[in-house]
1. Of the residues ALA254, ALA237, which single one is modelled with pLDDT of 95 or more, assigned to a loop (DSSP other than H, G, I, E, B) and of a type in the set (A, V, I, L, M)?
2. Taking VAL241 as the residue in question, decide whether it is among the β-branched types (Val, Ile, Thr), buried (at least 22 other Cβ atoms within 10 Å of the Cβ), touching a strand residue (DSSP E or B) at 6+ places or on another chain (Cβ under 9 Å) and over 21 Å from LYS66 (Cβ atoms).
3. How many of the residues making up the range 445-464 are assigned to a loop (DSSP other than H, G, I, E, B), open to solvent by 30 Å² or more (accessible area, probe 1.4 Å) and under 17 Å from SER540 (Cβ atoms)?
4. Can we say ALA331 is crowded, with 17+ Cβ neighbours inside 10 Å and either under 23 Å from ASN734 (Cβ atoms) or free of Cβ contacts under 8 Å to residues at least 60 places away in the same chain (or both)?
5. Can you tell me which condition ILE112 does not meet? The list is (1) without any contact (Cβ under 8 Å) to a residue 40 or more places away in the chain; (2) not in a loop (DSSP other than H, G, I, E, B), and all the others hold.
6. Which number in (1) closer than 29 Å to ASP829 by Cα; (2) modelled with pLDDT under 50 marks the one condition that THR2 misses?
7. Could you list, in sequence order, the residues of the range 483-506 that are out of contact with any Lys or Arg (no Cβ under 9 Å at 6 or more places or on another chain), within 28 Å of ALA651 (Cβ to Cβ) and away from ligand 2 (no atom under 13 Å from the Cβ)?
8. Among the candidates LEU521, LEU513, LEU447, which residue alone is within 16 Å of ligand 3 (Cβ to nearest atom), among the hydrophobic types (A, V, I, L, M, F, W, C) and touching a residue at least 24 places away in the same chain (Cβ under 8 Å)?
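The values are calculated or read from the model by the stated rules, or taken from the named source; none is laboratory data. The shown structure was predicted, so the numbers you read here are calculated from the model rather than taken from an experiment. Positions of Cβ are generated from backbone atoms using ideal geometry, with glycine treated the same way; all protein chains shown enter the neighbour counts. Quick note on the areas: whole protein, heavy atoms, side chains included, nothing else; ligands and nucleic acids left out. Shrake-Rupley method; radii C 1.70, N 1.55, O 1.52, S 1.80 Å.
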Amino acid sequence: MTSSNTNASNIRAAVLALAAAGGLAGTTAVAQQSALRLNDRDYFETRGLNVLVFSNQYTGMFFDEKTAGIEIIQHGVRLATGGAIRLGPAPEQWDAIPKMTDRKVDKAANTITCALRYEDYDFDSRLVVTPEGTGFRIAVYLDKPVPEKLEGKAGLNMEFLPSKYFERTFLADGKPGILSRYPDGPTQVKPAATRIPQYNGYSTFDDRGRNEYVEPDPMAVGKAFVLAPEDPERRIAIQAVSGELQLIDGRNVAQNGWFIVRSLLPVKATGKVAEWLVRPSVIPNWTRTPVIGFSQVGYHPTQKKVAVIELDPNDKSLDTASLFEVLADGAPAERLKMKVQPWGPYLRYKYATADFSSVNRAGLYYIQYGNQKTETFPIGPNVYDAVWHPTADVWFPVQMDHMFVNEAYRVWHGAAHMDDALQAPPNIRQFDGYRMGPSTETQYKPLERIPGLAVGGWFDAGDFDIQGGSHAGTIMSFVDIWEAFKPQRDQTFIDQANHYVDIHRPDGKPDILQQIEHGALQMAAEYRTVGHLVRGIVDSQLHRYNHLGDASTQTDNLIFDPSLKPYQVEGNRSGTPDDRWVFTDRMPGMSYSGIASLAAASRALRGFNDPLADECLALARKAYAEERQAVVSAPPTGFEARFGQGAELSAVLQLLITTKEQQYRDRLNELIWPSLDRAAAGPGAGPGAGPGRGGWGLLTAVRALPYLEPGAAEKLRPYVVKYKAELDELSKVNPYGVPISTGGWAGSGGVVGWATTNYYLHEAFPDLVDKESVYRGLYFLFGTHPASNVSLVATVGTRSKRLAYGNNRADFTFIPGVVTPGVLILKPDYPENMDDWPFLWAENEGTIGGASQYIFLANAVNELLTK
Ligand SMILES: [Ca+2]
Ligand SMILES: [Ca+2]
Ligand SMILES: [Ca+2]
């Protein structure tokens, strides 16, 4: 502990600091700055500052997502979150989260009151937030004292985004300190028995058998803190009206931890047990800098070229913007003065557009709006040629499991998980959505080794599991890419026999085919042993699942031998139970998507790896017959019935394309039309739900057209007409003209899926669906989106994501070619894409499904532009 003693001079200094903190805005400016008030969106607002009180809640989906509780948006940046009663000094993702049981917004009193409950401890509390000038008070009320088990643990916490405080300082009762770029303690070791249990009894901490855990100690203690006193954009003063504040560095126990300000709740007390006065600095008449959305990759000469300008609601849009060409000698030449057209409000901002479609001469350009210049971007016939290369050449190779991955002088990771894998036991409810029902539904006993699985497969996302559903979808996308565009690109050396990959090293084989093979090797192994698509292969313990670094050190790559002691090694066996588990619960919908990908892979692999092609097809036929049999004996109901039939459609179509057999043709014709009606009618019908939701069923139908009875195209046309009306609607919903997800995961994947559907519909019905609706998907990805104008595909475009939630995120970097989810819409109206903090998965975590679909879309756009 740094220090807990305060003395008179410290307190005096603190009071002076607080006065200074408020003081910049406190003399003349405060007269103009209106006080925080509840707005009609139910959060507190004054110009330059918002305080959200549980506008966003802990959903329980991924537990603490750092997007809930009392939150501060200061000068447009959400730099504080998690204001709530918490049960530890530095809550991690899987630590206990409170449930909000009530929320009262009292316009007359200008307060928001939230009731929080920890069910496991029968612990209720009430938070009341009340503005005071441009600051606010948080008061905590208890009707019953803190339960005994939580004494000394329950506290009022608020978390501050570390990256916004890098190269900044703080004052604690006037004592100075620096908010460091990297955590440097202090911590202490405590007995495990004193720890508040984490999710479902799992632990994020590997105690190596010692029954202990680590907790951060405060780096400062006092009555009054000022964070970043030197920076009027970031300065926040916090005063404890009673009790004491602690400043804690959560990164000591979890790289995604934040700086935490905390007050322990007093024991045996009721009534008002804690109160803070929080005073964020507010710059008078602050106006957010406009964001000029455009394609960082540039434009093909024939494309529409429209910049979307995002403006502070207090800003007045300029009448014109200019397009400048950058000449060889560096001189700018104005090529077009564009009229800026107001578009209207969307979420919290207002928007305008500037059209420079008329400029089509190849060259380098930038947009000037007021005194702001964008990055320079090209217009030219080949600008999209290579946009998918980083994703295919680097990102996918790095995601390859069971392989040693090299790039020039650098090793990305060693051969990983060579000790795969053990049968997961029944009745498990695990992290990351994994679970097992009452039966293993396989021939294997719980924790028995399932042979042959240490081959092929990709890490699902920023974690290291092989996820059944997305794995199947990725194989499917790669086959689609191969069959539609036949890309011969060869920049990767892949040696399956020796589990070795070398990036930027041609080996005479098309990389896409090699990726299909890599996926099919794992998929075939699953169907060969288990007989159906597995939910996935993932770590059994949270402290391994949260691994960051070289994938090959996540397990010891030695086969688990229970006759040895933990950490004891004999030959290729070890007593450490770290082999991953295979989750084998059976879901017809999942298995059908695996069957589809096996049937599709068998076509692509024909002539490339015939034995594997044969096996994939045989496994797909067998599994399909078994699934149909299972459906007859126990018809599924509800969601699974609907989802299962949609997935069966895809399996039948792929089996039909591969085999041309009548039995599959008959079943396809039987399933296709009811599925279209279901997809168009039901909510949550697929990616891009909302306007355009009918697209999911349409995508399969339009792809099945060549295999349906004569006249099917005309029968499909009315569905496409209806879809077209939804497409037109979209340009009224937001200025980007694409479906923007408002769920808990940002929506670039949905946009890519939507644009891909448009591509297939354009191919079949060019009179109804135009090329621009396909291009808009890439404009959005490449920078024409809310919140910022950065390209969401790392290293693609002049300026692109520099940080992402890959497995190297602890190094504040990215894996080239990652397709990030992008812009998260936090309730009620805040679009966010963190550019300097990689740890919000919902904004920054690329997935294999999204990346493979992106490669498809990029090829599709190239084809449309050059055809
Ligand atoms: Ca995962
Ligand atoms: Ca190759
Ligand atoms: Ca092992």
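1. On inspection, the qualifying residue turns out to be ALA254.
2. No, not satisfied.
3. Filtering the range 445-464 down to residues assigned to a loop (DSSP other than H, G, I, E, B) leaves 445-448, 450-457, 459-464.
After this cut, where a residue has to be open to solvent by 30 Å² or more (accessible area, probe 1.4 Å) as well, the list is 445-448, 451-452, 455.
Now narrow it down to the ones that are under 17 Å from SER540 (Cβ atoms): 445-448.
The number of residues fulfilling the criteria is 4.
4. No; evaluated as a whole, the condition is false for this residue.
5. Failing condition for ILE112: (1).
6. For THR2, the failing item is (1).
7. ALA484, PHE485, LYS486
8. Step by step, each of LEU521, LEU513, LEU447 is checked, and only LEU447 is within 16 Å of ligand 3 (Cβ to nearest atom), among the hydrophobic types (A, V, I, L, M, F, W, C) and touching a residue at least 24 places away in the same chain (Cβ under 8 Å).
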